[in-house]
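Working notes, beginning with the structure itself.
The values are calculated or read from the model by the stated rules, or taken from the named source; none is laboratory data. Source: prediction; values computed, not measured. Here the Cβ is made from the backbone with ideal geometry for all residues, glycine too, and neighbour counts use every protein chain on show. These area figures cover heavy atoms from the full protein model, side chains too; ligands, DNA and RNA do not enter into them. Shrake-Rupley method; radii C 1.70, N 1.55, O 1.52, S 1.80 Å.
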Amino acid sequence: ERRLDTGDDRYDERMVELGRFLVAQTEPSGAVLATYDLGAGRPVAGEYSKYYTGESYWALARMHRLFPDGPWGAAADRIGAYLATRRDDAEDRWPPVPDHWAAYGLAETVAFADRAGDRPLTDDEVAYARRQAGLFAAQVRWVGQRFGPWGLLVRGPQVPRGGGYGVMGEALTGLWRAARADPRLADVRDPLAERAVCVAGLAVREQSGDADASAARSPDRVRGAWFRDGETRMDDQQHALAALLRTVDIVEAADETGSAGEPAP
């Protein structure tokens, strides 16, 4: 992100080193090993993380867009194929993992220069994007219904963290970007946009404002944050902020075209 925003290349070699490490953690199947043994100087076989695979997918996809001559794209594609076809079964994950990091990765993948054309995703990736859209749309519906008539009775008292709203928004905005680029996902563009805007509104509703901060000993530590049971944590801010910023493009697209699902002219 810093490199793209500033054009400063002083850390390029460091990024390449990190990229090489991630590639080395990636198995031929596309699975990403979660742990590295510093003493033995090698990855720890058979240990996987719920999150690291999607995160590595996104990171290597970003590297490929920045340094297209490196090995990053091939590794990202291998991870993406594993996520789309095998991860949940191979790692015995049930229910299937709603993976907002994978949504980030798909949003990068559709912009690969070597995937240029009107069908940038593989058939497996399209099917995976659809499944992920369903998982996150269901989460938004569940949370949104809490605010309707009889909502607490039907859905229970559980309140999402700021990070929870953010993760839903990050996933939906990433999948929306992928759907804009691949016409086979055209039918889910508008639903993805609607749910992303919905969860953004719910997040804003739950954000602490001036009234919440007025009675606090340090108002600046309260205003703008997301609290649950009087506590907040880093994830509550970083995920929520990322989701809100990424939703801006959806709202602007709707302003330009009249439909948030249609590509801008």
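The table below lists the values:
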{"item": "Leading residue by the ranking (nearest to ARG78 (Cα to Cα)) among those in region 39-59 that are in a helix (DSSP H, G or I) and out of contact with any strand residue (DSSP E or B) (no Cβ under 6 Å at 6 or more places or on another chain)", "result": "TYR57"}
{"item": "ARG62 surrounded by fewer than 22 Cβ atoms within 10 Å (Cβ to Cβ), assigned to a helix (DSSP H, G or I) and touching a strand residue (DSSP E or B) at 6+ places or on another chain (Cβ under 8 Å)", "result": "no"}
{"item": "Among (1) open to solvent by 20 Å² or more (accessible area, probe 1.4 Å); (2) under 16 Å from THR173 (Cβ atoms); (3) in a helix (DSSP H, G or I); (4) not basic (Lys, Arg), the one test that ALA127 misses", "result": "(2)"}
{"item": "Residues of region 138-155 classified as aliphatic (A, V, I, L, M), closer than 21 Å to VAL167 by Cβ and surrounded by fewer than 16 Cβ atoms within 10 Å (Cβ to Cβ), total", "result": "1"}
{"item": "Sole residue being within 22 Å of the chain's Cα centre (by Cα), modelled with pLDDT of 95 or more and over 20 Å from LEU83 (Cβ atoms), chosen from LEU38, LEU18, LEU22", "result": "LEU18"}
{"item": "Criterion: of a type outside the set (Phe, Trp, Tyr) and closer than 23 Å to LEU192 by Cα - qualifying residue of ALA59, ALA81", "result": "ALA81"}
